[in-house]
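Notes to accompany the following structure.
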Amino acid sequence: MDYEVNGQTIEADEEGYITNLGDWTPELGGVIAVAEEIEMDDERWEVVNFLRDYYDEYQIAPAVRVLIKALKKTMGPEKGNNKYMYELFPYGPAKQACKIAGLPKPTGCV
Amino acid sequence: MSTLHTVNKSPFATQALLSCLNHCKDGDAVLMIEDGVYGGVSGTGMASMVEDKMKSVTLYVLSPDLSARGIDAARLIDGIQGTDYAGFVELVAKHDRTQNWL
Amino acid sequence: MTTKKFLYVNRKAPYGTIYALESLEVVLIGAAFEQDVSVAFLDDGVFQLTKGQDTGEIGVKNFSPTFRALGDYDVTKLYVEAESLAERGLTKDDLQDIQYEDEDDDYAEKPSIIIVNRAEMADVMADQDVVLSF
């Protein structure tokens, strides 16, 4: 399931996770979001950017509960909870947000 | 006539380096690759054995494998030379045969 | 459900074989079960924790930064055997500084690495319900 950005083809696996992390641009993130039927706004970008920063530092996409715990600490309890996350990414924050962020599927995420 | 020996196992995990050094002829070269590079570090329990052998054989480590493992070249036993992949090929070409100690 | 004590035992260097990476992945996945997890590093396993790893030229992923994420997964006890370090010419200073944030103590950062001697490591092992070896 590849993506098209500015006439360029970006390779992705059958679930839509891009193959090369280095291919990612915010523009591509937007294209993946459209495929996921997610309308990106500041709140969603906040999560996507957090995931990218986490991956940069630790070389893994965090598990959902780790993501939520970390957001609770940095952005407060009104954003660091399950309900808020699933409102933003109905099919699972780790799965959908990681895909949009251009990261591999989180370890232990089935 | 000389042989290039390669060792790719940690000297703390298997006898590969020990056996290799025990079978080297004067003038041979030993190239430590992959986990074998741990055998080139100074101040370890294996270092004195390696140092003894350096009077008669030339020792090399593959630098990319050293960097991967976070070992600074300054920590190598004096006289061990770092080489890159191109240098690896040159060593193979320079010697009459290559023997891998797995 | 009662909590069990799990110990992951690491005895292999990081890149020559796949054991170290596999162990780390199992630790991360297993953390979801919220058990009392410890990780032991002995023999060549201590090499996994060295700082300054750069795998750019060998074409494999450098997973050493991931050890610093273990605290987020409530894995906060990394036992490292002193004798194994010494035999390899290593000291604590050669290892990454790995910390966790203690939520019950205003997110104070505390060290995860615990240096133990061989006898103490044996005690850690004998104290577990489940031991997984890599």
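Considering only the range C:114-134, how many residues are part of a strand (DSSP E or B) and within 14 Å of the chain's Cα centre (by Cα)?
Pass one, the range C:114-134, residues part of a strand (DSSP E or B): C:114-116, C:130-133.
Still in the list and also within 14 Å of the chain's Cα centre (by Cα): C:114-116, C:131-133.
Final tally of qualifying residues: 6.
Note down all Cβ pairs under 9 Å where the first residue falls in the range B:50-62 and is within 15 Å of B:N22 (Cβ to Cβ) and without any contact (Cβ under 8 Å) to a residue 60 or more places away in the chain, the second is open to solvent by 30 Å² or more (accessible area, probe 1.4 Å) and part of a strand (DSSP E or B), and they're at least six residues apart or on different chains.
Partner pairs satisfying both residue conditions: B:L59/B:Q81.
What helices (runs of 4 or more DSSP H) lie completely within the range B:1-101 and have 2 or more residues being more than 10 Å from chain C (Cβ to nearest Cβ) and hydrophobic (A, V, I, L, M, F, W, C)? Break it down into steps so the answer makes sense when it comes.
Numbers: elements: B:16-23, B:47-53, B:63-68, B:85-94.
Counting at least 2 such residues, we get B:16-23, B:47-53, B:85-94.
Is one or more of the residues making up the range A:83-94 within 14 Å of chain C (Cβ to nearest Cβ), under 29 Å from C:F63 (Cα atoms) and open to solvent by 40 Å² or more (accessible area, probe 1.4 Å)?
no
Can you tell me which of (1) open to solvent by less than 20 Å² (accessible area, probe 1.4 Å); (2) in contact with an Asp or Glu (Cβ under 9 Å, 6 or more places away or on another chain) is the one A:E11 doesn't meet?
All conditions pass for A:E11, except number (1).
Restricting the search to the range B:56-97, which residues are open to solvent by 20 Å² or more (accessible area, probe 1.4 Å), of a type outside the set (A, V, I, L, M) and within 20 Å of C:D93 (Cβ to Cβ)?
B:S67, B:G70, B:D72, B:R75, listed by residue number.
When only residues in the range B:5-27 that are of a type outside the set (A, V, I, L, M) and within 12 Å of the chain's Cα centre (by Cα) count, which is most open to solvent (accessible area, probe 1.4 Å)?
B:K9
Within the range A:27-55, restricting attention to residues that are among the aliphatic types (A, V, I, L, M) and in a loop (DSSP other than H, G, I, E, B), which residue is least open to solvent (accessible area, probe 1.4 Å)? Break it down into steps so the answer makes sense when it comes.
Taking the range A:27-55 first, the residues among the aliphatic types (A, V, I, L, M) are A:28, A:31-35, A:38, A:40, A:47-48, A:51.
Those left that are additionally in a loop (DSSP other than H, G, I, E, B): A:38, A:40.
Numbers: A:I38: 17, A:M40: 46 Å².
The selected residue is A:I38.
Yes or no: A:K73 open to solvent by 70 Å² or more (accessible area, probe 1.4 Å) and within 11 Å of another protein chain (Cβ to nearest Cβ)?
yes
The values are calculated or read from the model by the stated rules, or taken from the named source; none is laboratory data. Note that the coordinates shown come from a computational prediction; the quantities given were computed from them, not determined experimentally. Note: ideal-geometry Cβ built from the backbone for every residue, glycine included; neighbour counts use all protein chains shown. Areas reflect the complete protein model, heavy atoms only, side chains present, ligands, DNA and RNA absent. Shrake-Rupley method; radii C 1.70, N 1.55, O 1.52, S 1.80 Å.
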